[in-house]
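Undergrad: Okay, here's the structure, questions in a sec.
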Amino acid sequence: MEVYLKTISGIKARGAAGLFIDGEWRPSSGNVVLDVVTPHTEETVLQYIEPTTADMDTAVAAARRAFDTGPWPRMTAPERGVYLKKVGDLLKARMPELAAAWTGQVGAVIGFTNKASYQVPGLFHFYGDLCDSYKFIDERIGSMGGNRVRVVKEPAGVVAAVTPWNAPLVLLVYKVAAALAAGCTMVCKPSPETPIDTHILAECLEEAGLPKGVFNMLPGGREVGDHLIRHPGIDKISFTGSTAAGKHIAGVAAERLARVSLELGGKSAAMILDDADIDHVLKSLVPYSMPITGQVCFSLTRVLVSKKRKAEFVDAYTSAVSKVKVGDPFEADVGMGPLAMQRQLDRVLGYIEKGKSEGATLALGGGRPADLNRGYFVEPTIFTEVEPSMTIFKEEIFGPVVSIIDYENEADMIAKANDTSYGLHGAVYTQDPERGFGVAREYRAGSIAINGMAVDIHMPFGGFKQSGIGRDGGIEGLENYTETKAVYFT
């Protein structure tokens, strides 16, 4: 079959030679054709051949050689840092392409992707700089006779990185930049629906001159992904995605005690205390309760407000959300694009029906926009009268659906915020930041913002409970890809 390409804002993606293995571009050995569809028009913009398990074996073997006998893990950390910073520079020069690829494949609005894509070169620069300053060898004095001990942070080995489609390159680079800084080699399996920006990453790593086999990239589906995580040549699995998939991966890793880190789902709470300024709340809550059409794990999808301020807040919030323009994500004034794919649209509409059938009150939205007859669009949707027993309170919808929950007092608010199997992110709004800090300490999640929304690549990100194990980002993200060895001088 002839593989054909269309362009997204001038970007051309690799079709037949869509796999980066052992330092070169290779065609798949298979014959299963995958389509990349841009969600606001439902047009196919790329077709490529899915990799096979044999291709995955080749990639793992390349990464294994590069780790066991190659120069990468044997370089000094500052030497690796030079490569990482060069990759960061190359990616920075291609920022418009990165933003357009994200928008074209996922439907995230261009105003958001133009800003958020900075994280990609930023992560390479951050970990490149950290290679110069991080203490990979710590000299200590032992307690038994005062002997010298060197505590060494060594690379974890060959890493399998498996990432989802919603923020395809950002989530992959959190893993790639940190693992490479640690001295690991990698086999990356990005989502088959969003390979284009990962192709750009591979091109930049190739241009930077990394040794062969250090980075391998094969976008593919569940079969090749499952083969990868089960492969005995893999030392560490790093996964971002759904909690259900994370549980499966954890079980597979347990069979051979492979190292594993998991950044999973969320049902994050925005807690509005009675002294909060509602106008200030809306400035961050409107964009970050439904970012990327709600297809973000840290979306603030449960909003808790006291009963005495509930009516005031519902009026203000629904009024603000109703003004968000839904449409073509490449248009500058559009605030919300489509969902990423048909199955996601079906999922979200199913949850909306579930919310109505279980007794929640639909305050805004709930259907398809009347003026958009193609694309995977859904209206921003707000439910009130949502109880903890309801499905939309408990389960991650991954769409622009927000539940407003009332509370009696601060203790009731915290109890309801914590009444979830997830624990990824959250926010608390108050005019007293120290009071907000006290609430943040009671809330069981990996991160929480006071009076706004913040996710910083220089800081750790990850979850409590069923939102995952381990941290991406920050110094902790680097340590995620290391093993600790004590060397005694006796």
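The values are calculated or read from the model by the stated rules, or taken from the named source; none is laboratory data. Keep in mind the model is a prediction, meaning the values are calculated, not measured. With ideal geometry, Cβ positions are generated from the backbone for all residues, glycine too; neighbour counts draw on all protein chains shown.
Undergrad: Take the conditions part of a helix (DSSP H, G or I), in contact (Cβ under 8 Å) with a residue 40 or more places away in the chain and not assigned by TED's automatic domain parsing to the domain that holds residue 453 and apply them to residue 227. Does it pass?
TA: So residue 227 fits the description; yes.
Undergrad: Identify, from the list 251, 221, 209, the residue that is at pLDDT below 95 and surrounded by fewer than 19 Cβ atoms within 10 Å (Cβ to Cβ).
TA: 221
Undergrad: Something else now. Could you grab me the full set of residues in region 181-199 that are within 18 Å of residue 124 (Cα to Cα), in a helix (DSSP H, G or I) and within 18 Å of the chain's Cα centre (by Cα)?
TA: Across region 181-199, the qualifying residues are 197, 198, 199.
Undergrad: Scanning region 62-73 for residues that are touching a residue at least 40 places away in the same chain (Cβ under 8 Å) and more than 13 Å from residue 217 (Cα to Cα), which turns out surrounded by the fewest Cβ atoms within 10 Å (Cβ to Cβ)?
TA: If we take residues in region 62-73 being touching a residue at least 40 places away in the same chain (Cβ under 8 Å) and more than 13 Å from residue 217 (Cα to Cα), then 71 is surrounded by the fewest Cβ atoms within 10 Å (Cβ to Cβ).
Undergrad: Quick check: is even one residue across region 261-270 within 18 Å of the chain's Cα centre (by Cα), of a type in the set (Lys, Arg) and buried (at least 24 other Cβ atoms within 10 Å of the Cβ)?
TA: Within region 261-270, one or more residues are within 18 Å of the chain's Cα centre (by Cα), of a type in the set (Lys, Arg) and buried (at least 24 other Cβ atoms within 10 Å of the Cβ).
Undergrad: Every residue in region 127-177 that is in a helix (DSSP H, G or I), of a type in the set (A, V, I, L, M, F, W, C), closer than 30 Å to residue 226 by Cβ and in contact with a Ser or Thr (Cβ under 9 Å, 6 or more places away or on another chain), please.
TA: 169, 170, 171, 172 - these are the residues of region 127-177 that are in a helix (DSSP H, G or I), of a type in the set (A, V, I, L, M, F, W, C), closer than 30 Å to residue 226 by Cβ and in contact with a Ser or Thr (Cβ under 9 Å, 6 or more places away or on another chain).
Undergrad: If you don't mind, there's one more thing I want to ask. I'd like the full set of residues that are in contact with a helix residue (DSSP H, G or I) (Cβ under 7 Å, 6 or more places away or on another chain), of a type in the set (A, V, I, L, M, F, W, C) and either under 19 Å from residue 456 (Cα atoms) or outside the structural domain of residue 377 (by TED's automatic domain parsing) (or both), limited to region 286-319.
TA: Passing the criteria: 292, 300.
Undergrad: Where in region 256-360 are there helices (runs of 4 or more DSSP H), lying wholly inside it, with at least 3 residues that are at pLDDT below 95?
TA: Counting at least 3 such residues, we get 278-289.
Undergrad: Another question, then. Kindly indicate which of 32, 37, 60 is in the same structural domain as residue 72 (by TED's automatic domain parsing), at pLDDT 90 or above, under 23 Å from the mean Cα position of the chain (by Cα) and of a type outside the set (Phe, Trp, Tyr).
TA: 37
Undergrad: Just name the residue that is farthest from the chain's Cα centre (by Cα) out of those in region 87-109 that are surrounded by fewer than 19 Cβ atoms within 10 Å (Cβ to Cβ) and not aliphatic (A, V, I, L, M).
TA: Taking the candidates together, the pick is 89.
Undergrad: Let me ask something else. How many residues are surrounded by 19 or more Cβ atoms within 10 Å (Cβ to Cβ) and more than 14 Å from residue 164 (Cα to Cα) when one looks only at region 238-248?
TA: 0
Undergrad: Another question about this same structure. Do any residues in region 131-160 that are assigned by TED's automatic domain parsing to the domain that holds residue 229 and surrounded by 10 or more Cβ atoms within 10 Å (Cβ to Cβ) have Cβ atoms under 8 Å from those of residues that are of a type in the set (Asp, Glu) and part of a loop (DSSP other than H, G, I, E, B), where the two are at least six apart or on different chains, and which pairs are they?
TA: Within 8 Å, the pairs are 156/235; 157/235; 158/235; 159/235.
Undergrad: So residue 256 fits all but one of (1) among the charged types (D, E, K, R); (2) assigned by TED's automatic domain parsing to the domain that holds residue 99; (3) in contact (Cβ under 8 Å) with a residue 60 or more places away in the chain; what number is the exception?
TA: In the conditions (1) among the charged types (D, E, K, R); (2) assigned by TED's automatic domain parsing to the domain that holds residue 99; (3) in contact (Cβ under 8 Å) with a residue 60 or more places away in the chain, residue 256 misses (3) alone.
Undergrad: Out of everything in region 88-116 that is in contact (Cβ under 8 Å) with a residue 40 or more places away in the chain and not in a helix (DSSP H, G or I), what residue ends up being nearest to residue 324 (Cα to Cα)?
TA: Filtering first and then ranking leaves 109.
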